[in-house]
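A short worksheet on the structure shown next.
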Amino acid sequence: NADTAMYSSKDAGRNQLNFFSQEMTACAERRLLLENKLRHAISENLFTIQFQPKWDTCNNRLVGVEALIRWLDDDEGYISPDEFIPLAEDCGLIGTIDDWVCKNACLQIQSLFGSNQPNISLAVNVSPAHVIYKDIYKRVSTILDETGFPAQNLELEITETMIASEVERLYEDLNKIRSLGVEISIDDFGTGYSSLSRLKQLPLNTLKIDRSFVRDIGEDSGDEVIIRTIIDMAHNLNLKVVAEGVETDEQYTFIKQYNCDLVQGYLFSKPVPLNELALMLDSQVADSCRRTGS
Ligand code: C2E
Ligand code: MG
Ligand code: MG
Ligand code: MG
């Protein structure tokens with residue numbers, strides 16, 4: 001046996017190897033367990049959606065929301081999207097999940113506005129794997145047809161890492177999606193390696209500055225320079241900028257000072273279920289009626 005031959009004179013090495021392979025087994029078992037649960041959750045419709053507001057920094061109005069998937073498992077409790085989305089990508093389930101979120105988020109947001117056009121935008125996250133390999137244009141336009149949701153109110157959030165590597169393949173689909181009126185934003189911006197010339201080639205509307213830069217405001221002056229540079233660059237390219245993960249007054253004051261257009265983060269609101277979003281929108285309407293005296 002090769003293992004014994006290699007480690008017979010080294011007990012420490014063997015123990016380490018055993019430990020290592022035990023860990024790998026545990027990891028593989030967890031994966032398998034979650035994959036089975038994931039298939040079950042899809043077929044039984046066990047996901048829900050929460051909405052995290054985005055606020056306009058000029059007038060402090062709630063102007064949009066981002067749909068975020070939630071999965072409450074009987075045994076495990078809430079499982080984070082950071083854990084199951086990558087798994088769903090690996091086992092080819094992400095397309096089904098993203099389509100479900102997009103369609104249901106459209107229906108839910110529209111339900112708040114009856115037959116009127118919503119006065120907020122709705123952003124959904126689209127997995128890179130999904131964007132590249134599947135016909136994203138056809139799927140988005142089908143969902144718009146099926147739900148009647150106005151294309152101008154829909155926005156796709158795509159992570160930067162994918163933009164950097166797949167720009168040529170994306171170009172045509174993104175242009176077709178833009179021609180519907182759907183907006184496109186780059187999520188987690190600053191963590192990938194997209195060049196300026198690539199950004200300029202793509203039909204983009206918005207950059208979302210990654211939370212990791214915002215987190216270090218007041219602590220890391222390097223990150224502050226990066227934020228200011230991203231905002232300036234985006235404005236020069238006629239793009240809007242969102243700061244994500246704003247948690248403190250200090251962070252908010254900083255990004256506002258440099259004219260960041262929109263803000264999202266726990267300082268203003270966590271992701272909330274639809275009924276709570278409805279209350280926030282109602283109180284905003286009441287507020288503006290009081291202000292205008294109508
Ligand atoms: P993301 O798109 O960058 O979403 C922002 C994440 O940051 C969300 O985590 C949100 O709850 C969290 N967040 C927002 N404000 C704050 C803050 O002030 N402080 C802190 N600490 N966190 C904040 P969540 O919902 O756990 O989602 C994690 C990631 O999972 C998302 O990152 C997105 O990449 C992915 N994801 C979520 N829903 C979907 C989906 O429907 N489809 C796909 N493909 N990915 C999704
Ligand atoms: Mg996002
Ligand atoms: Mg993000
Ligand atoms: Mg993220």
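Working only within segment 135-164, note down all residues that are among the acidic types (Asp, Glu), within 16 Å of ligand 2 (Cβ to nearest atom) and part of a helix (DSSP H, G or I).
Step one: filter segment 135-164 for residues among the acidic types (Asp, Glu), giving 135, 145-146, 155, 157, 160.
Okay, now just the ones that are also within 16 Å of ligand 2 (Cβ to nearest atom), so 155, 157, 160.
160 - this is the single residue of segment 135-164 that is among the acidic types (Asp, Glu), within 16 Å of ligand 2 (Cβ to nearest atom) and part of a helix (DSSP H, G or I).
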* Structure fact -> Taking segment 260-279 and keeping residues in contact (Cβ under 8 Å) with a residue 40 or more places away in the chain, in a loop (DSSP other than H, G, I, E, B) and closer than 16 Å to residue 213 by Cα leaves 260, 264, 265
* Which pairs do you get when a residue that is over 15 Å from residue 81 (Cα atoms) and surrounded by 12 or more Cβ atoms within 10 Å (Cβ to Cβ), found in segment 19-47, comes within reach of a residue that is β-branched (Val, Ile, Thr) and at pLDDT below 90, reach meaning Cβ atoms under 6 angstrom, with the pair 6+ apart or on two chains? -> none
* Hey, residue 262 surrounded by 15 or more Cβ atoms within 10 Å (Cβ to Cβ), among the aliphatic types (A, V, I, L, M) and closer than 16 Å to residue 185 by Cα or not -> yes
* Structure fact -> Among the residues of segment 166-191, the number that are buried (at least 17 other Cβ atoms within 10 Å of the Cβ) and within 16 Å of ligand 3 (Cβ to nearest atom) is 8
* Which pairs have Cβ atoms under 8 Å, sit 6 or more apart or on different chains, and link a residue in segment 189-206 that is in contact (Cβ under 8 Å) with a residue 12 or more places away in the chain and among the aromatic types (Phe, Trp, Tyr) to one that is surrounded by 16 or more Cβ atoms within 10 Å (Cβ to Cβ) and assigned to a loop (DSSP other than H, G, I, E, B)? -> 189/210
* Structure fact -> Residues of segment 76-97 being of a type outside the set (D, E, K, R), surrounded by fewer than 12 Cβ atoms within 10 Å (Cβ to Cβ) and within 16 Å of ligand 3 (Cβ to nearest atom), in sequence order, are 80
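List the helices (runs of 4 or more DSSP H) inside segment 166-256, counting only whole elements, that have at least 3 residues being closer than 23 Å to residue 136 by Cβ. Give the steps one after another, and end with the answer.
Details: elements: 196-201, 211-215, 221-236.
Those helices (runs of 4 or more DSSP H) span 196-201.
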* Asked: Of the numbered conditions (1) within 16 Å of ligand 2 (Cβ to nearest atom); (2) modelled with pLDDT under 95, residue 206 satisfies every one except a single condition; which is it?
  -> (2)
* Structure fact -> For segment 210-233, pairs from a residue that is within 15 Å of residue 252 (Cα to Cα) to a residue that is small (Gly, Ala, Ser), with Cβ under 6 Å and 6 or more apart or across chains, are 210/190; 211/245; 213/190; 214/243; 214/245
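The values are calculated or read from the model by the stated rules, or taken from the named source; none is laboratory data. Fair warning: this is a prediction, and the values are worked out from it, not measured in the lab. Here the Cβ is made from the backbone with ideal geometry for all residues, glycine too, and neighbour counts use every protein chain on show.
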